[in-house]
Amino acid sequence: MRKNLEIPSGKRTPLYRFFEMLPGLISYTAIILLFVLSWISPILGACYLFIIIAATLVKAVSVAFRTIQGYEVVKKAGKVDWRGRMKDLEDPHAAFERLRGKSSKSYNFNIHVENLRMLNAMQSEYPKPEKIYHAVIMTAYNEGPEILEPSIKAIQNSTFPNERIIFVMAYEERGGEEIEKTVNMLAEKFKGVFKEFMLVKHPKDMAGEVIGKGPNLTYAGSFLTDKVQKLKIPIENVIVTSLDSDNRMAPKYLDAVAYEFVVHPNRQRLSYQPVSLFMNNIWDAPAPTRVVAVSNSFFNIISTMRPHAIRNFASHSQPLQALKAMDYWSKRTIVEDGHQFWRSLFFFDGDYSVLPIRLPIYQDAVMDETLWKTMKAQFVQVRRWNYGASDVAYVGVRLFRSRSKRGMPFFPLLAKFWRLLDGHVTLAIMAPMVAFGGWIPLIMNNTSRDMVVYNLPSVVSMVQTIASIGLLITVLVSLKMLPRRPERYRKGRTILMVLQWILMPVTSILYQSLSAFYAQTRLLLGKYMEKFDVTKKVIKR
């Protein structure tokens, strides 16, 4: 019997509505509580704020540590000869005999040797590397060839053999005649490059679908499955990677995914998550969006160092057999990437996880024709990401079902639910609390002579200064991550890449806190976001 994995349409049950409202209720209550406690007693307000500030400081230290650690790991993973490791898997016995006893500083070398020993013992119980196929589904709406072509060329330049790559251009009918012309031109240009170059046009206004990427992916996924079966390729040997139009994968990414797919026995119950770095046009984007882009890049680097908490984000890879069994992606949410984690988790009764692939897929920072349009487009993008708070209800109603209906133990799911809820609430409240919270006890009770309350703004400022050490680390690492400066810019542009971080407090409030409150308020009021607002991509020539 097929499991019901879809988000409800129309009227929700009272329990589902409660969980939809929960993030907003907690976030607004957390802010209001500071005012109420400060009015009752400035000491109470100060203590409440101290707890929040202390949590902020701990997280700042953790972020600094994870940023350095993650950056080094991504750098090491990028130096590995993943094609060579794939060739080792073709004859694990010979490779194991050649490598055992040797030492190397190469990323996960000892794990590679152990994998060879394990596969040698398994004999024929794993898919042979030369039988693995990659399918890449690239979604497009109205983007031009200047956006799409470099992304396809990045796939073409992969170290994985092109003759075992099936490329699917999944484009929207609502994109009009221009996208039709563009994809046909690209199909002609890349004819014969891959095993197949498929064009799949997603019809507009299909029943039961939101306007978003998920329905497009799902529609293309069913066509892909039919093509794979016609080509007589075993469906269990096909790995699907979903890409946005501006996504440019690292050359070794497909080989790294195929390697992990082969060496993990539970390969069908894994998805494979790269590190999304918003660096394609980072030199061209205006300062506010550069700060947001680099901050999100660091968040993705940090996430790859926390496998227990990592979830799907943006581009990711998953076996076609698993996708077909669970009816591909959701057609009822505009945040199909993060939601795919929860769909997969419940489909496999908790026996599912995301495996970090510590190689980058590069994406564009938001950039429109003018600064104002860019600022507005950036807000549209992050509010869509923050609408992932809608998953709180999706998980919450399942958490309190019986074990037979829940499909997995209560406490592991409770931990995941708590991290999901805490992440969205923290995103909403932390920036304004740190920026303005120190003044609230004084404003609400200006007659207080308590030295703790009187000095609270100074204490908060001191904590902010300590936390800025983490920001300094972020700045230094960000300079190392930058692609080569385009020749059209002078060296002074690099100085601006440092000075831009003075905007961090502003972007934290505007793009993190306000966008989180926006998304949570929509859920609180039952005003659902059911349209994927595409952020325009402008190329600076």
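General observations
- Checking each residue of segment 488-495 against the condition of being modelled with pLDDT of 85 or more, among the aliphatic types (A, V, I, L, M) and either over 23 Å from the mean Cα position of the chain (by Cα) or in the same structural domain as residue 144 (by TED's automatic domain parsing) (or both) gives at least one match.
- For residue 64, the criteria (1) modelled with pLDDT of 90 or more; (2) surrounded by 14 or more Cβ atoms within 10 Å (Cβ to Cβ) hold in every case but one, which is (1).
- Within segment 161-188, considering residues that are among the basic types (Lys, Arg) and out of contact with any strand residue (DSSP E or B) (no Cβ under 7 Å at 6 or more places or on another chain), the one farthest from residue 215 (Cα to Cα): 181
- Segment 369-386, subset in a helix (DSSP H, G or I) and free of Cβ contacts under 8 Å to residues at least 40 places away in the same chain, residue nearest to the chain's Cα centre (by Cα): 376
- Segment 142-169: number of residues that are buried (at least 19 other Cβ atoms within 10 Å of the Cβ) and not in a helix (DSSP H, G or I): 8
- Residue that is assigned to a loop (DSSP other than H, G, I, E, B) and either in contact with a strand residue (DSSP E or B) (Cβ under 7 Å, 6 or more places away or on another chain) or assigned by TED's automatic domain parsing to the domain that holds residue 480 (or both), where the choices are 191, 232, 227, 201: 191
- Restricting segment 400-435 to residues that are surrounded by fewer than 16 Cβ atoms within 10 Å (Cβ to Cβ), within 24 Å of the chain's Cα centre (by Cα) and touching a residue at least 12 places away in the same chain (Cβ under 8 Å), the residue that is farthest from residue 306 (Cα to Cα) is 414.
- Checked across segment 327-338, the condition of being without any contact (Cβ under 8 Å) to a residue 40 or more places away in the chain and either assigned by TED's automatic domain parsing to the domain that holds residue 23 or farther than 19 Å from residue 244 by Cα (or both) holds for no residue.
- Among the candidates 80, 58, the residue that is more than 15 Å from residue 429 (Cα to Cα) and loosely packed, with under 14 Cβ neighbours inside 10 Å is uniquely 58.
- Here residue 139 meets the list (1) polar (S, T, N, Q); (2) in a strand (DSSP E or B); (3) over 28 Å from the mean Cα position of the chain (by Cα) almost entirely, failing just condition (3).
The values are calculated or read from the model by the stated rules, or taken from the named source; none is laboratory data. None of the values given here were measured: they were computed from a predicted structure. Don't worry about glycine lacking a Cβ; one is built from the backbone with ideal geometry, like all the others, and counts go over all protein chains shown.
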